[in-house]
Amino acid sequence: MAMQNPAARPTNPRFSSGPCAKIPTFDLANLSDAPLGRSHRAAVGKAKLKAAIEETRDILGIPADYKIGIVPASDTGAVEMALWSLLGARKATMCAWESFGAGWVTDVVKQLKIDAEVKTADYGEIVDMAAVDYDTDVVFTWNGTTSGVRMPNGDAIPADREGLTICDATSAAFAQDLPWDKLDVTTFSWQKVLGGEAAHGMLILSPRAVERLESYTPAWPLPKIFRLTKSGKLIDGIFEGATINTPSMLAVEDYLVALDWARSVGGLKGLIARADANARAIFDFCDANDWIADLAEDAATRSNTSVCLKFTDDRITDGAAFAKAVAKRLEAEGVALDVGAYRDAPAGLRIWCGGTVETADIEAMLPWLAWAYEETLAAQTEAA
Ligand SMILES: Cc1ncc(COP(=O)(O)O)c(C=O)c1O
């Protein structure tokens, strides 16, 4: 017997983990102040880029002596610049607990061929970050977007480390507290938590990271797009809005508008509270239903942005097909778009809960998830 459809629908069914939902007040008309068709090196362009850097600093509470650069190729570009420019001076420790972290391992071990200890954990678990040697350079992802497992805090990272910490924080920045004193290199992209446009990445450097850049030259050649120094000195312009190559001023404007909105909801604190409330609605749903659970094993490591879910009903015969069918039903009804698990992750769903998502939309979507689960189970029984 077919289940009755839930009465309400989310106003915005966009729960993709990247590009993420635009800010709730988004309107193309809000971008009309973009200096389109002007040089990004003209005063107006430079001022916009500088504002993007300084607003980022202010909202995220990044220390005044940290450098913030807008770089090409989104978060991937920012991480690659850091890996290729900084690693090789000492041994590295590569920590990965999902596919993006695993990608950085491949780069460092197979491409750069750096002497590295590799520490991995299965999807749902996290590497024991207290057992890492921080006198090596440590590379890790703060929030594993494809497993929904995050660092609970930075307590495991010692203040007096000899190595650098290089942290891919793309699905954490603007949703989770980042302990800047424990992070030497931090990266994120605009398309994630603030729902900006893809294209540009942010590269944040501690004074120790700058010191490394100015005292160490890698043995391999660096393309122009990765070069952060000239004649042994940091290229300061990159961190003042003089980008390496041409940025999209439309994307810059969109990011500035998103930062403004972030401020209007209470800045970082407000954004964290919004993500927490969204994730909490899903955690409560999992607690109330014994057929679905968070992929993260330990509650302290459960992400409040990329919430990953697994179906736990042992009547399900083909987990991957089942999860795909549920996601397809939700999409067909227009109640949840792009919620299938990442291609390399265990079968299940992934529901983005960052601050641009409204809790009311999550709450309106969850009864549909229960509906889709029942319908898919019924279809499976019928097919058997
Ligand atoms: C943890 C993590 N790292 C890197 C990336 C790549 O980001 P981008 O496509 O913005 O370069 C993503 C994208 O989802 C991610 O989640």
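Numbers below:
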| read-out | value |
| --- | --- |
| Net length gained if the chain between residue 7 and residue 135 were fully extended (0.36 nm per residue, minus Cα distance) | 40.4 nm |
| Over the range 214-267: Rg over Rh, Cα atoms, Kirkwood Rh | 1.16 |
| The chain: calculated mean residue ellipticity at 222 nm from DSSP helix runs of at least 4, using -39500 (n - 2.57) | -10500 deg cm²/dmol |
| Alpha-carbon Debye profile of the range 1-121, log10 I(q)/I(0) at 0.13 Å⁻¹ | -0.87 |
| Highest-MSF residue in the chain out of 46, 22, 230 [GNM, Cα springs under 10 Å] | 230 |
| Share of carbon and sulfur in the accessible heavy-atom surface of the chain [1.4 Å probe, %] | 50 percent |
| Å³ per residue enclosed by the Cα convex hull of the range 256-384 | 118 Å³ |
| Angle between the chain longest axis and helix 43-60 axis [Cα atoms, degrees, rounded to 10] | 60 degrees |
| Residue-normalised accessible area of the chain, expressed per residue, 1.4 Å probe, Å² | 42 Å² |
| Helix 74-86 axis, angle to the chain major axis (alpha carbon atoms, nearest 10°) | 40 degrees |
| Number of Lys pairs (Cα under 19 Å; 8 or more positions apart or on different chains) in the range 41-124 | 7 |
| Net charge over other residues, Cβ less than 15 angstrom from the Cβ of residue 116 (K, R count +1; D, E count -1) | -1 |
| Whole-angstrom Cα spans of the chain along principal axes, big to small | 73, 49, 31 |
| Mean separation of Cα contacts under 8 Å (6+ apart) over length of the range 37-189, as relative contact order % | 21 percent |
| Most mobile of 361, 75, 122 in a GNM of the chain (Cα contacts under 10 Å) | 122 |
| Gap separating the Cα centres of the range 313-330 and the range 144-159, nearest whole Å | 30 Å |
| Potential extension, residue 332-residue 263 segment - 0.36 nm per residue separation minus Cα distance | 21.3 nm |
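The values are calculated or read from the model by the stated rules, or taken from the named source; none is laboratory data. Just so we're clear, the structure is a prediction, and the values are computed from it rather than from any experiment. For neighbour counting, all protein chains shown are included, and Cβ atoms are generated from backbone atoms with ideal geometry for every residue, glycine included. Ligands, DNA and RNA are excluded from the accessible area calculation, which covers all protein heavy atoms including side chains. Shrake-Rupley method; radii C 1.70, N 1.55, O 1.52, S 1.80 Å.
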